[in-house]
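Trainee: Supplied in structure tokens, the structure appears directly below.
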Amino acid sequence: KRQGAQKVQYLPLATNPKRYNDISVTDQERRDYCYDVCFIGAPFDNRVEMFESLRDYNFGVFGDGWTKYFMLKGKKVPSYYKGKASGETVNKIYLSSKIVLNIHHPHSIEGLNTRTFDIPACGAFEMVDYKKNVEEHFEVDKEIVTFKNIKELKSKIDFYLKNDDLRKTISERGKQRVLSDHKWIDRVN
């Protein structure tokens, strides 16, 4: 707009419910991916710092680049790293885990990544690092849970691990919000 464009609008990211949905998960898959806390994504310093403080939990991390990240730092790959995940496996991990973490790239200031919408679209319980735009898209603590630092993250993990019914309620509300307001077709319309 400052450069003279007349029709400029912010278009938030969204989800594809054909890709991220509540799929069937076998009992064996639920056992294989049954984490109290999980994360799927690439390694960045801010993420690794948080993950190092979560080693005492039943914690699983999946994604690309983790071996290279730790090798370049001259460190051993941590035991919480469980390997790569893609396709339906991502949904199965989300649905089998109690809490799915979403920690944004360090350059994300206010906007939200697609994971913010993908996780609830599956029907999974999401805890996301606080960004201002979360409040524009969700009712915090009713449809999604946020945290601002490691101490708050651990406190909320402890709380929600003890409250299965509340996790389920928030997951369902988050799913309904995403499926009604945060699909790519909603953005285009």
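The values are calculated or read from the model by the stated rules, or taken from the named source; none is laboratory data. On a predicted model such as this, the values are computed, not experimentally measured, just so you know. Positions of Cβ are generated from backbone atoms using ideal geometry, with glycine treated the same way; all protein chains shown enter the neighbour counts. Remember, those area values only see protein heavy atoms, side chains included, never the ligands or the DNA or RNA. Shrake-Rupley method; radii C 1.70, N 1.55, O 1.52, S 1.80 Å.
Trainee: For segment 1-74, give the percent of accessible area contributed by carbon and sulfur heavy atoms, probe 1.4 Å, rounded to a whole number. Display every interim value, and only then the final one.
Mentor: Numbers: 2400 of 4900 Å².
C and S atoms contribute 49 percent here.
Trainee: Ok, one more. Suppose R0 equals 35 Å; then what is the FRET efficiency for residue 149 and residue 6 from their Cβ-Cβ distance, rounded to the nearest 0.05? It would help to have the intermediate numbers written out before the result.
Mentor: Values: r = 41 Å, r/R0 = 1.18.
For residue 149 and residue 6, the calculated efficiency is 0.25.
Trainee: Calculate the dipole size of segment 1-69 relative to its Cα centre from +1 charges on Lys and Arg beta carbons and -1 charges on Asp and Glu beta carbons; express the result in debye to the nearest 20. Provide the component values of the computation, followed by the final result.
Mentor: On the way: 10 positive and 10 negative charges, 150 e Å.
Its charge dipole is roughly 720 debye.
Trainee: Another one. Could you work out how much longer the chain between residue 55 and residue 36 gets when fully extended? Use 0.36 nm per residue separation minus the Cα distance between them, nm to one decimal.
Mentor: On the way: separation 19, 0.36 × 19 = 6.84 nm, distance 1.14 nm.
Taking 0.36 nm per residue and subtracting the Cα distance, the gain is 5.7 nm.
Trainee: Next question. Over segment 85-152, what percent of the accessible surface lies on carbon and sulfur atoms, probe 1.4 Å?
Mentor: Values: 1130 of 2590 Å².
C and S fraction of accessible area: 44 percent.
Trainee: What do the square roots of 5 times the Cα gyration tensor eigenvalues come to for the chain, in whole Å, largest first, as semi-axes of the equivalent ellipsoid?
Mentor: Working: eigenvalues 140, 88, 56 Å².
Result for the chain: semi-axes of 26, 21, 17 Å.
Trainee: For the chain, report the accessible area per residue in Å² (1.4 Å probe, heavy atoms, rounded to an integer). Intermediate values should be presented prior to the final figure.
Mentor: Details: 10570 Å² over 189 residues.
That works out to 56 Å² per residue.
Trainee: Which chymotrypsin sites (Phe, Trp or Tyr not before Pro) does segment 106-189 hold that lie in a coil by DSSP with at most 16 other beta carbons within 10 Å? Write down the numbers at each step before the final one.
Mentor: Values: sites: 117, 125, 130, 138, 147, 159, 160, 184; in loops: 125, 130, 138.
Loop-located and lightly packed - 130.
Trainee: Oh, and also: With the contact rule set at Cα under 8 Å and sequence spacing of 6 or more, what percent relative contact order holds for the chain?
Mentor: Working: 279 pairs, mean separation 49.9, N = 189.
Computed over the chain, the figure is 26 percent.
Trainee: Go through 82/162; 82/154; 92/156; 73/168; 82/148; 92/154 and tell me which ones have a Cα-Cα distance over 29 Å in this structure.
Mentor: Details: 82/162 25 Å; 82/154 21 Å; 92/156 23 Å; 73/168 39 Å; 82/148 26 Å; 92/154 24 Å.
Check vs 29 Å cut-off fails for 73/168.
Trainee: Return the sequence-ordered ³J(HN,Hα) values of segment 12-24 in whole Hz as given by the Karplus equation 6.51 cos²θ - 1.76 cosθ + 1.60 applied to θ = phi - 60°, using x for Gly and Pro.
Mentor: Values, residue by residue: x, 5, 7, 10, 10, x, 6, 8, 10, 8, 7, 8, 6 Hz.
Trainee: Here is a further query. Just grab the label-to-label distance for residue 89 and residue 184, each label 7 Å out from Cα along the Cβ direction, in nm (one decimal).
Mentor: That separation, rounded to one decimal, is 2.3 nm.
Trainee: Using the Kirkwood radius over Cα pairs, work out the Stokes-Einstein diffusion coefficient for segment 35-82 at 4 °C and 1.567 mPa s, in µm²/s as a whole number. Write down the numbers at each step before the final one.
Mentor: Values: Rh = 10.8 Å.
Value of D from the Cα-based Kirkwood radius: 120 µm²/s.
Trainee: Continuing with the same structure: Only Lys, Arg, Asp and Glu count, each charged at its Cβ (+1, +1, -1, -1), so figure out the dipole size of the chain about its Cα centre, rounded to 20 debye.
Mentor: 540 debye
Trainee: Put +1 on the Cβ of every Lys and Arg and -1 on every Asp and Glu Cβ in the chain; which of 171, 40, 121 then has its Cα farthest towards the positive end of the dipole?
Mentor: The residue sitting most towards the positive pole is 40.
Trainee: Let me ask another. So which GluC sites (Glu not before Pro) in segment 49-126 end up in coil per DSSP with only 13 or fewer other C-beta atoms within 10 Å? Before the final figure, lay out the partial values.
Mentor: Working: sites: 49, 52, 88, 110, 126; in loops: 110.
Counting only loop positions with at most 13 other Cβ atoms within 10 Å, the GluC sites (Glu not before Pro) in segment 49-126 are 110.
Trainee: Could you check the spin-label model distance between residue 165 and residue 28? Points 7 Å from the Cα along Cα→Cβ, value in nm.
Mentor: My value for the distance between the label points is 3.5 nm.
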